[in-house]
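Everything on this sheet refers to the single structure shown next.
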Amino acid sequence: MKPTFSMDAALGAPFALIRRRPLTVLGWGIAMFAVVAAIYAVMIPLFLRLPWGEGEAMMEAYTAEVMQLQAAINGLNIVMYLVMLVLANAVGRAVLSQGRRDPFLFMRLSMDEVRVAVVVVATFIGWYVALLVLILIGLALGAALWSAGQGVAIGVVVIYAVLVLIGAIVGWVRVSLMAPATLILGRFAFAEGWAIARGQVLKLIGMNLLVWLIYILSYLVFVTIVAAILVGGFFGQGLVWPSVVDSPLDLMPLVRSMTIPFLATLPIFALSFGFYMSLITAPSIVAARQLLDGAPLPAAPVVADAAVGDGLEPL
C-alpha cells in the first residue's frame with residue numbers, strides 16, 4: 001500500500017502544540033522576539049537621530065555612522081537565522097517527543113542543527129541554481145525566436161515561463177521534506193526526503209497552501225488584538241496626535257504615554273512568534289514522520305520514544 005500522510009494531523013499539529021505546551025510555545029516566541037527586539041534596538045536610535053533638513057554634511061556623517069553599525073545589524077541578522085533554525089528543530093522535537101517534557105524547551109545546539117542547516121542551504125542553492133539555469137535558457141530561447149516574429153517569441157516564452165514556474169514549485173515540494181527527514185532520522189536524509197515526497201506533490205502543495213491561509217488568518221487575528229490594545233490605550237488616555245512633527249523626537253512624549261499599552265502587547269507578539277514557528281515547521285514534521293513510518297526504506301526507527309498521545313501518531 002502506498003504510504004501517505006494525514007492532512008488533518010499535519011495541519012492540527014501547531015494547534016496541538018499550543019494547546020498542550022502553551023508555555024513552551026510562548027518560550028519559543030520570547031526567544032524569537034528577543035532577537036527581533038535587539039535588531040530594532042539598534043535601528044530605532046539611528047532613525048531618531050536622522051538629521052531632518054540639516055544639510056548635506058550632516059547627512060553624510062549620519063550615513064557613515066549607519067555604515068559603521070551595518071556590521072552589527074548583519075551580525076544580529078545571522079543570530080536571528082540561527083535562532084530560527086534552533087526553534088524550528090525545537091518544534092520538530094516537541095512534535096516527535098509527544099508526552100515527554102524538556103527543561104530547555106527542546107532547544108539545542110547540536111549536530112542536528114548542523115545537519116539541518118546543511119540540508120536547508122544545500123537544497124535552496126540547488127533549487128535556486130536550477131531555476132536560474134532554466135530562466136537563462138528561456139531568455140536564450142526568446143532571443144533565438146525573436147527573428148521568427150515577436151508574437152511567436154513572446155508566446156513561446158510565456159508558455160515556457162509557466163512550465164518553469166510549475167517545475168519550480170514541484171521541485172521545491174520534492175525537496176521540502178529533506179530537512180524534516182534529516183531531523184527525524186538523525187542523519188543526512190537527502191535520499192529519504194526525496195523518496196517520501198514522490199507521489200505526494202499535490203497533497204504537499206495543498207498542505208502548504210492551507211498553512212499559508214492559516215498564517216494570513218492568524219496574522220489578522222493577532223494584528224486586530226494588538227491594534228485594539230494600542231487604540232484603546234491611546235484614546236483611553238485622551239491622547240491626541242501632535243499638530244506639528246518636524247522630527248521623530250517630537251513624538252517622544254506620545255511614545256512615553258503609550259509605554260504601558262505597548263508592554264501589554266508583548267505577550268501577544270511573543271505568542272504569535274511561537275505559533276508562527278510551530279505553523280511553518282510542525283506540519284512538515286508530521287508529514288515526513290508518517291511517510292517515513294509507512295515507507296519501505298532502510299531507515300532507523302523514526303521515533304524511539306513514541307509514547308502516548310499528542311494526537312500525532314501516524315495512521
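What to note about this one:
Residue-wise test of (1) of a type in the set (A, V, I, L, M, F, W, C); (2) closer than 20 Å to F124 by Cα.
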position: I154; (1), (2): yes, no
position: R174; (1), (2): no, yes
position: L177; (1), (2): yes, yes
position: G193; (1), (2): no, yes
position: N208; (1), (2): no, yes
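- For the stretch 65-112, the candidate set comprises residues that are part of a helix (DSSP H, G or I), closer than 25 Å to E192 by Cα and polar (S, T, N, Q); within that set, the residue that is farthest from the chain's Cα centre (by Cα) is S97.
- Cβ-Cβ under 7 Å pairs, at least 6 apart or on other chains, the stretch 92-111 side closer than 13 Å to A16 by Cα, far side among the charged types (D, E, K, R) and buried (at least 17 other Cβ atoms within 10 Å of the Cβ): A94/R21; L96/R289; Q98/D310; G99/D310
- Of residues in the stretch 113-136 being over 22 Å from A191 (Cβ atoms) and free of Cβ contacts under 8 Å to residues at least 12 places away in the same chain, the one farthest from the chain's Cα centre (by Cα): L136
- Checked against the criterion of being within 30 Å of S176 (Cα to Cα), open to solvent by 70 Å² or more (accessible area, probe 1.4 Å) and modelled with pLDDT of 85 or more, the candidates L87, L96, L109, L105 yield just one match: L109.
- Test result for L239, closer than 30 Å to R289 by Cβ, open to solvent by 20 Å² or more (accessible area, probe 1.4 Å) and of a type outside the set (S, T, Y): no
- Being surrounded by fewer than 14 Cβ atoms within 10 Å (Cβ to Cβ), without any contact (Cβ under 8 Å) to a residue 40 or more places away in the chain and more than 18 Å from F5 (Cα to Cα) is a property that holds for V158.
- Scanning the stretch 166-197 for residues that are open to solvent by 10 Å² or more (accessible area, probe 1.4 Å) and among the hydroxyl-bearing types (S, T, Y) turns up just one, S176.
- Looking across M7, M80, one residue alone is modelled with pLDDT of 85 or more, out of contact with any Pro (no Cβ under 6 Å at 6 or more places or on another chain), open to solvent by less than 80 Å² (accessible area, probe 1.4 Å) and more than 29 Å from K203 (Cα to Cα). It is M80.
- Listed by first and then second residue, the pairs with beta-carbon distance under 7 Å, at least 6 apart or on different chains, first residue in the stretch 176-203 and closer than 14 Å to E113 by Cα, second of a type in the set (S, T, Y) and part of a helix (DSSP H, G or I), are M178/T123; P180/S284; F188/T182; A189/T182.
- Residue count, the stretch 250-291 (criterion: surrounded by 16 or more Cβ atoms within 10 Å (Cβ to Cβ) and over 21 Å from F235 (Cβ atoms)): 23
- Any hit, the stretch 36-53, residues being open to solvent by 60 Å² or more (accessible area, probe 1.4 Å), within 19 Å of G186 (Cα to Cα), modelled with pLDDT under 90 and among the basic types (K, R): no
The values are calculated or read from the model by the stated rules, or taken from the named source; none is laboratory data. None of these values were measured; they are calculated from a predicted model. All Cβ positions, glycine included, derive from the backbone under ideal geometry; neighbour counts span all protein chains shown. Heavy atoms of the whole protein, side chains included, go into the accessibility calculation; ligands, DNA and RNA do not. Shrake-Rupley method; radii C 1.70, N 1.55, O 1.52, S 1.80 Å.
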